[in-house]
Amino acid sequence: MTQKRTLGIGLLAVVVVAALLIGGLVVLSDSLAEDSYTSEYSYDVEVATNGTLTNATLLVPVPVSDGEVAVAGVLEDGDYYAQPEAFSSRLVETDRGPMLEVSVDEFVVEPEYYRVVEEGELGRTEPITADEYDPDDPDMFVRDRDQYELTIRIESDEPIETREPVGTEPVLEPRVDATETECLDGAERCSEYTGFVYAEYGTDPSTDVSIRVSHRGENSWWVGGWSGNWYRDAVAVDLAGPQADWIAVDGSLEAGQGSYR
């Protein structure tokens with residue numbers, strides 16, 4: 001009986017210690033997550049082209065919540081990344097609501113030609129002239145696209161609602177005809193909608209221009225590695241030749257991505 005009682009007490013002690021250890025780890029985990037918890041919005045605009053644009057003006061969607069443009073203060077302060085410097089960016093009011101105006105008098109795209117040169121097991125690239133370039137040579141290539149990029153990051157003092165952002169968080173406007181769709185990459189809720197951009201510029205008929213705009217809200221924390229959750233809103237369109245009109249574009253929203261504590 002004494003031996004059985006001793007074994008029972010020993011097992012009880014092990015269980016108690018294990019429970020205390022697990023409880024301590026949970027408390028430590030929660031503390032680490034709380035101390036490292038951050039929330040951030042990001043807004044990105046990219047205009048890429050393979051030809052020279054003249055007298056170019058683009059109007060693209062901006063993140064809006066309760067009628068307020070989420071990036072207005074940052075744009076006014078100039079605290080954002082934008083290249084090349086020849087472009088100007090500002091908020092403007094349109095008959096479709098507030099939008100970001102991106103404009104440039106002339107954006108020259110000059111093809112750059114390169115050749116791959118082998119050096120032992122490695123290789124390097126070196127520039128060549130247009131006359132030296134042979135499109136049939138697999139060791140030669142041309143970079144014939146250039147782009148404008150604008151990037152804004154805004155920290156949030158409050159956690160971001162990433163599961164149900166519409167109506168609670170900034171989303172890209174203008175938008176119409178939103179419909180829920182099946183999620184294919186792990187998001188909890190997805191939708192597609194029609195957005196709008198305005199494009200006006202002169203260029204060669206063979207010139208291609210792609211416009212990409214995205215807005216993202218994300219919460220992140222550290223517990224033995226970074227974890228987080230986010231929503232992402234984006235519109236995109238590909239254009240050919242000169243433009244001077246409003247254009248309906250495809251938009252998509254993915255919400256409830258990532259992990260939740």
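The values are calculated or read from the model by the stated rules, or taken from the named source; none is laboratory data. Note that the coordinates shown come from a computational prediction; the quantities given were computed from them, not determined experimentally. Here Cβ is always computed from backbone atoms with ideal geometry, including for glycine, and neighbour counts include all displayed protein chains. Areas reflect the complete protein model, heavy atoms only, side chains present, ligands, DNA and RNA absent. Shrake-Rupley method; radii C 1.70, N 1.55, O 1.52, S 1.80 Å.
General remarks:
- Taking the criterion of being under 24 Å from Tyr201 (Cβ atoms) and assigned to a loop (DSSP other than H, G, I, E, B), the residues of the range 50-73 that qualify are Asn50, Gly51, Thr52, Pro61, Val71.
- Residues of the range 80-97 satisfying the condition of being assigned to a loop (DSSP other than H, G, I, E, B), closer than 27 Å to Gly167 by Cα and open to solvent by 70 Å² or more (accessible area, probe 1.4 Å): Asp95, Arg96
- Matching residues in the range 144-167 - criterion: being in a strand (DSSP E or B), of a type outside the set (Asp, Glu) and open to solvent by 80 Å² or more (accessible area, probe 1.4 Å): Arg153, Val166
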